[in-house]
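Down below is the structure, laid out as structure tokens.
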């Protein structure tokens, strides 16, 4: 087995006595918390959670970056039974040995995160105040508490897998849109193939990135998750038959990659429990890739492929048959979905639709919720001319709202007020119905990436009817969302009591005018 150069030596422990020959029982398995105990013993000796800036491990060493080297107790570390020695290089390296280091590192990371959370809670207690911003913060915390169910925590993990991919999706989506414009206009024909390659390269390998992030999020080795997911896009799978059908490279897409990586994590964790530490480096990766790969080829790819095709067919038929009604429901319910955390379940669906047709037809409809929110905020600004603090909040948050970032308006304005949140949903429903109606009439379009909305979505729009028609329909949907959200909030967003309580303070100052010249006294 290969070892790292200059491996230090540390204290050794006396060998255990051989088991009695009269005993037929196998040696007892080490307790499950042995590695956590090792991590807990190491943490205070390297300065505690606040002294650590990064954590990683190689085949034998736990590698940590430190803020203050003087806080480390080298001799006490070397005296720990599980520590074979320490090495100081670009990082501080604690030698734990093959197999053991892969088990101690996750426990160490968890203890560091727990320690940082406790320190933050002690130094930054919750702020209490009688303004809407504080109410919005309280509502947000209450929502997080309600979302701490196993299902919603799972959805949050799914979001953590896909959110890091959004910058690449946006960049490649914009380039794909630019390439489509150049192709339609016949400009720069020599540049078009290059732009197509740049825009498509990431999407052709997105399954690998999804597998990598999935394994990382669920506690496995990221590169093993990526390796298993890479099987899905390997061209050679076309020679394999599963369920009586020849497989296609990319079949199953991100859903298959997600399932394959989740399986790989479970196989790896099983191996970590049962494979001896001395064989862990060799056996665990091999079994993880082999078992997960075979299940992926002869099961998951076909099943995920059928699921992906069903999602695409359902989305197309939903908008083709009941586009206006579907848009009304989706646009009106998206803000409540965000409040409940259920919107995260849509991320793999968006990505699947982008893989299949080049764009997701759902995102422009869901973006209308933000338009209704903006319209509602403008109405609140107009209805409360004497509430200077709330008007200042709206003025600072509106630019972000127009660009599709709605959290400042939601948690700082509409949600704490209550009724304006409902009227904002009405505006989103109207805008969604407008966009859905055109889908029903045969003008289908969508977004080539997920993440942006509002005005920021314009560069990412794509459709079968040309860019001009697509942009015009989306802009019309935004306008409907703004207007209906404004009107619903202006006329129905406040009770008389709310207006009396919220609309307090001096009238806004009138525009300054030049002072009249002082009258000269008339001589007697």
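The values are calculated or read from the model by the stated rules, or taken from the named source; none is laboratory data. These numbers were taken from a predicted model, which means no experiment stands behind them. Positions of Cβ are backbone-derived with ideal geometry, glycine not excepted, and every protein chain shown enters the neighbour counts.
Points worth noting:
- Inspection of segment 409-425 identifies at least one residue that is under 30 Å from residue 312 (Cβ atoms), touching a helix residue (DSSP H, G or I) at 6+ places or on another chain (Cβ under 9 Å) and touching a residue at least 40 places away in the same chain (Cβ under 8 Å).
- Boolean, residue 344 is modelled with pLDDT under 90, in a helix (DSSP H, G or I) and within 24 Å of the chain's Cα centre (by Cα): yes
- Positions within segment 171-197 being out of contact with any helix residue (DSSP H, G or I) (no Cβ under 7 Å at 6 or more places or on another chain) and crowded, with 16+ Cβ neighbours inside 10 Å, in sequence order: 180
- Taken over segment 487-498, the criterion of being part of a helix (DSSP H, G or I) and either within 38 Å of the chain's Cα centre (by Cα) or not assigned by TED's automatic domain parsing to the domain that holds residue 430 (or both) is satisfied by 487, 488, 489, 490, 491, 492, 498.
- Residue list for segment 336-373, filter: surrounded by 24 or more Cβ atoms within 10 Å (Cβ to Cβ) and either under 25 Å from residue 395 (Cβ atoms) or not assigned by TED's automatic domain parsing to the domain that holds residue 408 (or both): 367, 368, 369, 370, 371, 372, 373
- Residue check for residue 84: out of contact with any strand residue (DSSP E or B) (no Cβ under 7 Å at 6 or more places or on another chain) and surrounded by 15 or more Cβ atoms within 10 Å (Cβ to Cβ): no
- Segments classed as strands (runs of 3 or more DSSP E), wholly inside segment 28-97, with at least 1 members that are under 22 Å from residue 222 (Cα atoms): 52-57, 61-66, 92-95
- Only residues that are closer than 30 Å to residue 200 by Cβ and surrounded by fewer than 24 Cβ atoms within 10 Å (Cβ to Cβ) were counted across segment 398-439, and they come to 3.
- Count of residues meeting criterion [within 26 Å of residue 399 (Cα to Cα) and either without any contact (Cβ under 8 Å) to a residue 60 or more places away in the chain or in a helix (DSSP H, G or I) (or both)] in segment 438-473: 14
- Looking across segment 383-398 at every residue that is more than 16 Å from residue 414 (Cβ to Cβ) and in a loop (DSSP other than H, G, I, E, B), the one that is modelled with the lowest pLDDT is identified as 386.
- Condition check for residue 197 on (1) under 28 Å from residue 150 (Cβ atoms); (2) in a helix (DSSP H, G or I): one failure, at (1).
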